[in-house]
Structure formats: structure tokens, C-alpha cells
Amino acid sequence: MLNLANKITLLRMLITPVVVVLLYFGGPIPCTLAALAFILAALTDWFDGYVARHENMVTNMGKFLDPLADKILISAVLIMFVYQHWSPAWVVIIIVCRELIVTGLRTIAIDEGIVLAADKFGKAKTVTQILAIIPICLHFEICGLKLWLLGNVLLYVAMILAVYSCVNYCIYFYRQMKARHTQA
């Protein structure tokens, strides 16, 4: 049975195709609506965690669904940016690959009894991605400010944080595995 926190996470997954379809059309109104839907989805990420911790609703299902919903949302939006030629493909590929590597590493770590909790660089990457995605969605110019340019600068920062945090996760995992095998 799904608790409230998990239902909020599923809502984020359901918002993702709405954002993708709106971005597909690419005009000012659909893109503004896409940005608003994305903001709602990003807020559900914070809210589901808050509910899960404060209402004692942390479950294994939630631990699986929450990062999955995040990766689906972020990856789908970034891929649409490439489709629309709003962001460079190579940056998006690096970010998406990082997500796949860390997810795979976490899966292996679970089997080994190792917890790969989000570090400060991974959290900074997530916040920076969210801050990058909103102005890229609103890719037009407002009062002389080229929003897509601002968003892409932030996306480059997110990419750097993504690579750095991925390396940190890999090093931490390697050290934990080495320590386990040394003790055995």
C-alpha cells in the first residue's frame, strides 16, 4: 500500500510527461507552463522527503522511487532541451551518464551492505540542475536577459558538480569495498 510520501513521489513521475509534452511544443505559453509544472515537480521532491521523515513514512519503496522519479524528471527534461537545441548534447549526455553510474553503484552497494548517501556535491548538483532547468524552459529573452544562456551556464556548473560527485561516490565505494575485503 502506498503511503502519502510515496504518492507524492508518484505525482512527480506523472508530472514528467506533462513537462515533456509542453516542451515539445516549444512556444512561450507551453514553455512557461512547462517551467511551472517542473517547479511543482521539484517541490514534490522536497515535500515527499519532508513528509516521509516527519510522519515516519520512510519505506524501502520510497527509497527506491524517490531517486528514480528525480532521475526520470531531470533526464527527460534535459533530453528535451537537446531535442529543441536549447542545450548542448554532450553536457546532457555527461549528466545522464553520471546518473546511471551512480544508480548502478548504489544498487551494487546495497547488495554489499554499503549505504551511498547523497553527499553535499550531489545535493549541490541537484539544486544547480533545478536552477538551470527553469530558465532554459523559459528560453526566450526577458528585459535583455537571455534566460537560456543563464540556464546553460548553470547547467555547465551542474555538469561539473555531477562529475565531481560521481568521482566522490566511486572513491567512497571503492574504499568501502577495499575495507570489507581487507577485514575478511
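Within 10 Å, count the other beta carbons around each residue, average over each peptide in 124-133, 80-89, 166-175, and list them highest first.
Details: 124-133: 20.8, 80-89: 17.6, 166-175: 15.2.
Averaged packing, sorted descending, gives the order 124-133, 80-89, 166-175.
If you filter the stretch 41-121 for GluC sites (Glu not before Pro), then keep DSSP loop positions with at most 16 other Cβ within 10 Å, what is left?
Glu55, Glu112
Report, to the nearest 10°, how far helix 28-54 tilts away from the longest principal axis of the Cα atoms in the chain, using its own Cα long axis and a range of 0 to 90°.
Once rounded, the angle reads 30 degrees.
On C-alpha positions alone, give me the angle between the axis of helix 147-183 and the longest principal axis of the chain, in degrees, nearest 10.
Relative to the chain, helix 147-183 is tipped by roughly 10 degrees.
Quick one: how many lysine pairs does the chain have with C-alpha atoms less than 21 Å apart and a gap of 8 or more or different chains? Give me the count, please.
Final tally of qualifying lysine pairs is 9.
If I stretch the segment between Leu145 and Ser75 completely, what's the gain in nm (0.36 nm per residue apart, minus their alpha carbon distance), one decimal? The partial results should precede the final answer.
Working: separation 70, 0.36 × 70 = 25.20 nm, distance 2.58 nm.
Between Leu145 and Ser75, full extension yields 22.6 nm more.
Express the relative contact order of the stretch 4-183 as a whole percentage, based on alpha carbon pairs under 8 Å and six or more residues apart in sequence.
This gives 23 percent for the stretch 4-183.
Quick one: angle between helix 89-111 and the longest Cα principal axis of the chain, in degrees between 0 and 90, rounded to 10, please.
That helix lies at roughly 30 degrees to the long axis.
Taking Cα Rg over 2.2 N^0.38 Å as the quantity of interest, determine which of [x] 2.88; [y] 1.22; [z] 1.10 was computed from the displayed structure.
Identified label for the calculated read-out: [z].
Bear in mind that the values in this text are calculations on the coordinates, not laboratory data. The model shown is predicted, which means the values in this text are computed figures rather than measured ones. Every residue, glycine among them, receives a Cβ derived from its backbone with ideal geometry; neighbour counts consider all protein chains shown.
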